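All remarks here apply to the structure that follows.
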Amino acid sequence: MSTQIPQQETESETVSETEPTEETAQDRRLERKRAGEAERQERAEEAAGGDEDRITLKVFRYDPEVEAKQEPRFDDFQIPFEGGMTVLDALMYARDQYDPSLTFRHSCRQAVCGSDALFINGSQRLGCQTQVADLDTPVRVEPLPHQEVEKDLVVDMEHFYDQMHEVEPYFQGDTPDDEEQRQSRENREKIKMSTRCIWCGACQSSCNIAAGDNQYLGPAAINKAYRFAMDEREEDELKQHRMDILEQEHGVWRCQTQFSCTEVCPKDIPLTEHIQEMKREAVKDNLKFW
């Protein structure tokens, strides 16, 4: 019997020691949860009210359909700054938190669609590609220059698209569907950069020649023509057809080699270089030997 009594006491002690341990663990979990919620709340309050973590966004405003907004102006928005914030993020915050009528284009948010080309701090850039941390403040956002503004940051892109289609930017010919068209690696490397164009219109907007000559094809369209004319898979007859388009009065010869298009291209396409190469091709095309 003497051996049985200590065993019962031991079991009782084990039970009494276990229960407080479980309660303590639960308390710690709840405490950590409350601390996390308090920390998140504190960060949210700092973002909402702390001047040190806010940037000023100056946005061009214009709405021809609203009488009070027909006179162009700039509106200031105070945006809570976060690491990794892009200009597009800041615009979306301004629209969602302050003014739902703020109008701008955007789609993929990955510098692929080209729809959010804007004039940011005096230069053509993609809103989704431009880091707020890399800019001087206040951040000034305007629509692309040299294009008709439809509303706020949205411009009419129809003329730009017409110029792009003018060079017939697609493969042509009567190659049978079952016939393989091979391309050498060297030729692929030659035209690789020209294929990266996302039709954003930044280069056209930066071009002083395009601003003064509405019929000028522009750097984007000439680059697109280069992409196909220099592709070895296109037939000679079709290449000649493209050269005829580029050699017109408002084609490659209007370029004055200012490099502004190359400087603003978000995909780093050497546009000016491609235009100069098409000039050389045009010269060779017109050389005749008797």
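The values are calculated or read from the model by the stated rules, or taken from the named source; none is laboratory data. What you see is a predicted model, and the numbers here were worked out from it, not measured in a lab. Here the Cβ positions follow ideal geometry from the backbone for every residue, glycine too, while neighbour counts run over all protein chains shown. The accessibility values were calculated without ligands, DNA or RNA, using every heavy atom of the protein model including side chains. Shrake-Rupley method; radii C 1.70, N 1.55, O 1.52, S 1.80 Å.
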Calculate log10 I(q)/I(0) of segment 46-141 for q = 0.20 Å⁻¹, where I(q) comes from the Debye formula with a single equal point scatterer on each Cα and nothing for solvent. -1.02
Candidates per GluC sites (Glu not before Pro) in segment 78-177, loop by DSSP, up to 16 other Cβ within 10 Å: E82, E148
If you place +1 on the Cβ of every Lys and Arg and -1 on the Cβ of every Asp and Glu, how big does the dipole about the Cα centre of segment 168-290 come out, in debye to the nearest 20? 620
accessible surface per residue for segment 60-196, probe 1.4 Å, DNA/RNA/ligands not counted, whole Å² -> 58
Expected-Rg normalisation [2.2 N^0.38 Å, Cα atoms] applied to segment 176-251: 1.28
Which loop GluC sites (Glu not before Pro) in segment 239-290, with loop taken from DSSP, have no more than 12 other Cβ atoms within 10 angstrom of their Cβ? E249
What are the ³J(HN,Hα) values, in whole Hz, obtained from phi via the Karplus relation 6.51 cos²θ - 1.76 cosθ + 1.60 with θ = phi - 60°, for each residue of segment 220-236 in sequence order, with x given for Gly and Pro? 5, 5, 5, 4, 5, 5, 4, 4, 8, 5, 8, 7, 5, 7, 7, 5, 4
Sparse-neighbourhood loop sites, chymotrypsin sites (Phe, Trp or Tyr not before Pro) in segment 163-220 - DSSP loop, at most 13 other Cβ within 10 angstrom: Y170, F171
Per the Kirkwood formula on distinct C-alpha pairs, the Rh of segment 107-160 is how many angstrom? 11.8
Cα gyration tensor, segment 216-262 - rounded (a/c under 1.5), prolate or oblate: oblate
Partner lysines for K69 [C-alpha distance under 19 Å; skip if fewer than 8 residues away on the same chain]: K58, K151
Spelling it out for R140: with amide H atoms placed in the peptide plane at 1.01 Å from N, the residues 5 or more places away or on another chain with amide H under 5 Å from its amide H are K58, N121
Two-decimal Rg/Rh of segment 88-231 from alpha-carbon positions, Kirkwood Rh? 1.05
With N set to the number of residues, divide the alpha-carbon radius of gyration of segment 225-290 by 2.2 N^0.38 Å and report two decimals. 1.19
